[in-house]
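For reference, the structure discussed in these notes is given below.
The values are calculated or read from the model by the stated rules, or taken from the named source; none is laboratory data. Predicted model only: the values in this text are computed from it and were never measured. Cβ atoms come from the backbone with ideal geometry, glycine included; neighbour counts cover every protein chain shown. For the accessible areas, the whole protein counts, side chains as well, though only heavy atoms, and no ligand, DNA or RNA atoms are used. Shrake-Rupley method; radii C 1.70, N 1.55, O 1.52, S 1.80 Å.
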Amino acid sequence: RIADLFDQYLLFRPEMMFQWEKGKARHWQAMLWRELVKGHEHEHRAALAKELFTAMERGIDPPPGIPKRISVFGISALPRFHVQVFVSLSHIAQVNFFLMNPSREYWGDILDTWEMKKKAKGAKAASEGELHMEKGNSLLASMGALGRDFFEMIQEFDAEECSSYEEPKAKNLLSSVRSDILKLQERQEKEKVSPGDLSIQVHSCHSPMREVEVLHDQLLRMFEEDPGLLPKDVLVMMPDVETYAPYIQGVFDSPREDARSLPFSIADRSMRKEGGVGEAFLHLLDLQGSRFGVSQVVTLLECEVVRRKFGISDDDLETVRRWISETQIRWGVDGKHKEELGLPSFPQNTWRAGLDRLLLGFAMPGREERLFSGILPYDPIEGEESRILGAFAEFVETLFERAVSLGQPKTLEAWQEELTGLLDDFFEPGEETDREMQLIRRLLDDLVKSGAASLFDEEIPLPVVKSTLEHRLDQTGFGLGFMTGGITFCAMLPMRSIPFRVICLLGMDDDTYPRQTRSLGFDLMAKRPRPGDRSRRNDDRYLFLEALLSARDKLHVSYVGQSIQDNSIRPPSVLVSELLDYIEEGFEFPEKEILEHIITKHRLQAFSPEYFR
């Protein structure tokens with residue numbers, strides 16, 4: 001966390017780091033930084049950027065490899081550090097920023113209600129006439145803080161501006177809201193919404209599963225009403241893909257011959273969750289130091305790529321489960337292993353005792369009454385089952401042998417060799433697994449490189465390595481599944497402001513979105529924030545605004561609005577509430593309240609009689 005914070009300081013407070021290096025501060029962070037960079041003061045990126053700026057100002061010949069034209073595309077916002085680097089490069093190359101500006105009017109001075117109150121409170125000396133504050137469009141003022149600060153920063157640099165804005169063509173509720181933002185206006189009179197206008201719909205459900213079921217039904221209705229709408233025209237975003245992925249698979253993954261089948265893909269899943277090798281590899285590391293319970297070992301054997309390595313099929317696994325049950329294997333490698341765990345050296349019900357019974361039963365019959373060296377043979381093994389027994393015994397022996405080796409601290413180079421061997425011992429290479437196995441090997445290589453870069457050569461225990469691999473596998477994905485020709489499910493991330501005819505937002509719950517960032521207690525930037533500082537909350541507010549602007553025909557929003565336990569009401573995300581308030585103030589419906597037309601409260605079950613009335 002300290003390393004990540006220093007990394008942020010270099011981006012957002014480089015001048016502070018230079019002051020520290022000159023000995024201007026005496027607190028622990030400054031002292032630690034001086035120790036870290038001693039002898040390497042000119043190698044961190046803030047120093048390299050400063051060197052770049054100086055060289056460009058002097059007017060040097062372009063170094064080889066710098067292109068004549070640089071384009072920055074699809075970026076919502078950048079730190080000042082990166083903008084300055086591009087501005088510096090503009091001395092020797094043409095730099096083009098392609099930015100999506102929500103409004104064609106200047107909106108750098110607009111404030112949301114909270115900012116206006118804060119400014120008014122601090123301006124006690126000003127008279128009412130002198131204190132002029134522009135609100136503009138309330139949605140843009142509330143959700144656009146990130147973009148506002150970024151466009152204000154861009155204006156500080158000398159650049160040629162080329163604008164291109166286009167009025168929404170369709171005339172419906174969604175296009176009217178987008179038009180208001182484009183023109184930076186607030187509606188003075190309420191506009192009537194036609195009864196058939198379903199361009200913005202909000203659905204309140206009891207659970208994430210019901211959200212996905214409702215989405216599936218709504219999409220089927222959209223495809224039926226508009227034959228020109230294709231699955232590739234639909235984007236579904238959610239704050240946490242991992243939470244919704246099982247429900248999406250369960251609801252949308254129907255046979256192709258089913259008339260309700262819709263092609264889809266799920267993007268942004270981590271390798272640990274998406275693939276089978278990553279999760280199984282970490283589970284393998286978890287076994288070291290454990291009791292080797294039956295469920296732990298069998299869970300590993302249930303992984304198809306592991307079974308394939310040892311030649312065990314699905315049917316063979318059922319046989320193995322029966323053997324484990326009938327030989328009374330429970331936990332522990334053997335009596336010695338139990339003793340190491342601080343328990344009596346009792347060999348019964350261990351893996352070794354069970355395997356001895358199985359192997360002896362294959363070698364000689366005991367007829368459930370004859371013991372050999374104190375071991376009762378397990379008789380019902382014959383014929384083809386001998387192959388299964390051999391494969392099972394090899395799996396168990398390899399597992400226990402590796403577990404002993406994993407218990408010893410090692411250097412990073414030794415861990416790379418050990419874990420690469422573990423990967424080769426338990427996972428069968430193939431078309432489906434090669435990509436995951438190569439990724440794990442690359443992560444192990446990165447461990448060694450990071451050790452060499454930090455001059456670290458001490459021995460470390462397995463939990464440290466495992467923690468690092470877990471974090472990296474959680475963060476690393478395959479980069480697949482985005483815009484593959486079907487409905488795209490993905491996370492709400494920056495750079496997703498791509499126009500789609502239909503954009504759906506799932507999981508817009510009050511406690512989920514916008515996501516909160518808890519800054520560290522010793523974060524100096526959090527104590528003195530500046531415009532443009534990293535803020536997860538501002539990022540998420542701007543992402544919601546971009547989704548609203550990118551939806552061309554329809555915007556579908558859903559959230560868990562009723563408790564699955566007692567049906568009590570739960571509020572939506574504050575961003576959804578702001579959008580609904582804006583619609584309620586500026587639009588009206590001829591037959592009923594406008595929000596009754598937009599919000600649908602769904603039943604607990606999909607087979608509720610209310611859906612058939």
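General remarks:
- Selection of segment 327-346 for residues being buried (at least 16 other Cβ atoms within 10 Å of the Cβ) and within 18 Å of Val404 (Cα to Cα) yields Trp331, Gly332, Val333, Asp334, Gly335, His337, Lys338.
- Residue check, Ser176 in a helix (DSSP H, G or I) and not hydrophobic (A, V, I, L, M, F, W, C): yes
- Out of Arg210, Arg260, Arg221, one residue alone is among the basic types (Lys, Arg), over 28 Å from the mean Cα position of the chain (by Cα) and within 17 Å of Val557 (Cβ to Cβ). It is Arg221.
- Conditions (1) in contact with a strand residue (DSSP E or B) (Cβ under 9 Å, 6 or more places away or on another chain); (2) surrounded by fewer than 22 Cβ atoms within 10 Å (Cβ to Cβ); (3) modelled with pLDDT of 90 or more; (4) not β-branched (Val, Ile, Thr): number failed by Leu182: (1)
- On inspection, Met56 does not qualify as buried (at least 16 other Cβ atoms within 10 Å of the Cβ), within 35 Å of the chain's Cα centre (by Cα) and modelled with pLDDT under 85.
- Members of segment 265-293 that are buried (at least 17 other Cβ atoms within 10 Å of the Cβ) and either at pLDDT 90 or above or of a type in the set (A, V, I, L, M) (or both): Ile266, Ala267, Met271, Val277, Ala280, Leu284, Leu285, Leu287
- Reported count of residues in segment 77-108, each being in a loop (DSSP other than H, G, I, E, B) and within 18 Å of Glu161 (Cβ to Cβ), is 13.
- Test: residue in segment 186-200 that is open to solvent by less than 10 Å² (accessible area, probe 1.4 Å), under 30 Å from Thr299 (Cα atoms) and either over 27 Å from the mean Cα position of the chain (by Cα) or in contact (Cβ under 8 Å) with a residue 24 or more places away in the chain (or both): no
- Residues that are basic (Lys, Arg) and open to solvent by less than 60 Å² (accessible area, probe 1.4 Å) within segment 347-377 comprise just one, Arg357.
- Test: residue in segment 320-330 that is over 18 Å from Gly293 (Cα atoms) and not in a loop (DSSP other than H, G, I, E, B): no
- Each residue in segment 165-179 was checked for being within 13 Å of Asn101 (Cα to Cα) and either in contact with a strand residue (DSSP E or B) (Cβ under 6 Å, 6 or more places away or on another chain) or open to solvent by 60 Å² or more (accessible area, probe 1.4 Å) (or both), and 2 of them qualify.
- Complete set of residues in segment 179-201 that are among the polar types (S, T, N, Q) and part of a strand (DSSP E or B): Gln201
- Residues satisfying the stated conditions in segment 378-420, i.e. open to solvent by less than 20 Å² (accessible area, probe 1.4 Å) and out of contact with any helix residue (DSSP H, G or I) (no Cβ under 8 Å at 6 or more places or on another chain): Ala403
- If you go through segment 489-508 and keep only what is over 27 Å from Asp226 (Cα atoms) and touching a helix residue (DSSP H, G or I) at 6+ places or on another chain (Cβ under 9 Å), you end up with Leu493, Pro494.
- Checking the stated criteria, Gly532 turns out to be out of contact with any Ser or Thr (no Cβ under 6 Å at 6 or more places or on another chain) and at positive phi.
- For beta carbons closer than 9 Å, sequence separation of 6+ or different chains, a first residue in segment 408-437 that is assigned to a helix (DSSP H, G or I) and a second that is acidic (Asp, Glu) and surrounded by 18 or more Cβ atoms within 10 Å (Cβ to Cβ), the qualifying pairs are Glu436/Glu274.
- For segment 250-264, the count of residues that are open to solvent by less than 30 Å² (accessible area, probe 1.4 Å), in a loop (DSSP other than H, G, I, E, B) and touching a residue at least 24 places away in the same chain (Cβ under 8 Å) is at least one.
- The set of residues in segment 222-249 that are assigned to a helix (DSSP H, G or I) and surrounded by 16 or more Cβ atoms within 10 Å (Cβ to Cβ) comprises Met222, Phe223, Pro231, Asp233, Val241, Glu242, Tyr244, Ala245, Tyr247, Ile248.
- Qualifying positions in segment 294-326 - among the acidic types (Asp, Glu) and open to solvent by 50 Å² or more (accessible area, probe 1.4 Å): Glu302, Glu304, Asp314, Asp315, Glu318, Glu326
- Evaluation of Ser290 against the conditions (1) within 30 Å of Val464 (Cα to Cα); (2) among the polar types (S, T, N, Q); (3) in contact (Cβ under 8 Å) with a residue 60 or more places away in the chain shows that the sole unmet condition is (3).
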